[in-house]
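Here is the structure we will look at, set down as structure tokens.
The values are calculated or read from the model by the stated rules, or taken from the named source; none is laboratory data. Note that the structure is a prediction, hence the values are computed from the model and not measured. Methodologically, a virtual Cβ is constructed for each residue, glycine included, from the backbone with ideal geometry; neighbour enumeration extends over all protein chains shown.
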Amino acid sequence: MKTSTTRFSDRVDDYIKFRPHYPSQIIEGLKRKIGFSKEDIVADIGSGTGISSEIFIDNGNKVFAVEPNTEMRQAAEITFSEKPNFISVNGTAENSNLESNSIDLIFCGQAFHWFNKQVSKLEFSRILRANGNIVLAWNVRNEENEFQKEYEQILISNIAEHKDVTHKNISDQTIADFFEPKVALFDSIINLQEFDLEGLKGRLKSSSYCPKEGTEHDRLFKEIESLFKKFEHNGIVKFEYQTKIYYC
């Protein structure tokens, strides 16, 4: 049985190719709102293949990328092998293997919903410096347009596990409780991906809940093909996201 730390092991290639990256505007927002600078040391907790580390590495920050999944961690190590400010760490949100009082900013991209909230809060408090900050971020699909509304309905209709592992199960109150006694603040940025049919399939395959083979898999992807034909324009469909950012 797959756990939260192993469920992406067989999806690394699709994850790298088809998952959305994080907009660089996040950096500018953090500079304005919390005084973030390139001298700050970042811990990217649940860093996966390094998608969430990228904007901080490009900004010149020293980044400790903490990831328990071997396959995803190794993929990030290859991607950033020539970046001396990238440090790969085998650890979890609950046991990061980082030194106490060593981190200025903890960033969790598309990861917080997998954590044990009580234990990780203690661990974050341990590794953060006195004036350190926490940032939680998700690329959330826009389900207001018809294409993405129907895409979501296909997932709900075909994948029983989908509703159980989504970040949508994390409420604003859960985040507020995690940040307490500090106050949770919110920002958002529009993000976009464009896919041909194979890209759209790859985006779905990168999700931990996507079935790998069998009747359920075949039915699901036939519906995805029909959806693409209905909404494509010049062989392309657009995934619109709201990058939601919570910080304190």
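Annotations
- Taking the stretch 193-204 as the range and being without any contact (Cβ under 8 Å) to a residue 60 or more places away in the chain and either of a type outside the set (A, V, I, L, M) or loosely packed, with under 14 Cβ neighbours inside 10 Å (or both) as the test, the residues that pass are E194, D196, E198, K201.
- Top-ranked residue of the stretch 83-101 - restricted to ones that are of a type in the set (V, I, T) and in contact with an Asp or Glu (Cβ under 9 Å, 6 or more places away or on another chain), ranked as surrounded by the most Cβ atoms within 10 Å (Cβ to Cβ): T92
- The residues in the stretch 170-226 that are touching a His at 6+ places or on another chain (Cβ under 7 Å) and more than 17 Å from G109 (Cα to Cα) can be counted, and the count is 2.
- Considering the stretch 234-248, the residues that are more than 23 Å from the chain's Cα centre (by Cα) and closer than 19 Å to F18 by Cα include one that is surrounded by the fewest Cβ atoms within 10 Å (Cβ to Cβ), namely G235.
- Of all residues in the stretch 102-152, those being crowded, with 18+ Cβ neighbours inside 10 Å and either small (G, A, S) or in a loop (DSSP other than H, G, I, E, B) (or both) number 7.
Yes or no, residue by residue, for (1) among the aliphatic types (A, V, I, L, M); (2) modelled with pLDDT of 95 or more; (3) assigned to a helix (DSSP H, G or I):
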{"residue": "Y22", "(1), (2), (3)": "no, yes, no"}
{"residue": "I26", "(1), (2), (3)": "yes, yes, yes"}
{"residue": "G29", "(1), (2), (3)": "no, yes, yes"}
{"residue": "S37", "(1), (2), (3)": "no, yes, no"}
{"residue": "D44", "(1), (2), (3)": "no, yes, no"}
{"residue": "G48", "(1), (2), (3)": "no, yes, no"}
{"residue": "I51", "(1), (2), (3)": "yes, yes, no"}
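- The number of residues in the stretch 41-82 that are touching a strand residue (DSSP E or B) at 6+ places or on another chain (Cβ under 8 Å) and either of a type in the set (A, V, I, L, M, F, W, C) or surrounded by fewer than 23 Cβ atoms within 10 Å (Cβ to Cβ) (or both) comes to 16.
- Residues being part of a helix (DSSP H, G or I), over 15 Å from E152 (Cα atoms) and modelled with pLDDT of 85 or more - total across the stretch 202-218: 4
- Exactly one residue out of F195, F239 is of a type in the set (F, W, Y) and either closer than 18 Å to I156 by Cβ or touching a Ser or Thr at 6+ places or on another chain (Cβ under 7 Å) (or both): that is F239.
This table checks each residue for (1) over 16 Å from V237 (Cβ atoms); (2) among the β-branched types (V, I, T); (3) touching a strand residue (DSSP E or B) at 6+ places or on another chain (Cβ under 6 Å).
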site	(1), (2), (3)
D172	yes, no, no
P181	yes, no, no
G202	no, no, no
T215	yes, yes, no
L220	yes, no, no
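- Yes/no for E152 being out of contact with any helix residue (DSSP H, G or I) (no Cβ under 7 Å at 6 or more places or on another chain) and free of Cβ contacts under 8 Å to residues at least 12 places away in the same chain: yes
- Matching residues in the stretch 205-220 - criterion: being free of Cβ contacts under 8 Å to residues at least 40 places away in the same chain and either buried (at least 19 other Cβ atoms within 10 Å of the Cβ) or within 22 Å of the chain's Cα centre (by Cα) (or both): none
- Subset of the stretch 67-88 (residues that are hydrophobic (A, V, I, L, M, F, W, C) and closer than 16 Å to A111 by Cα): M72, A76
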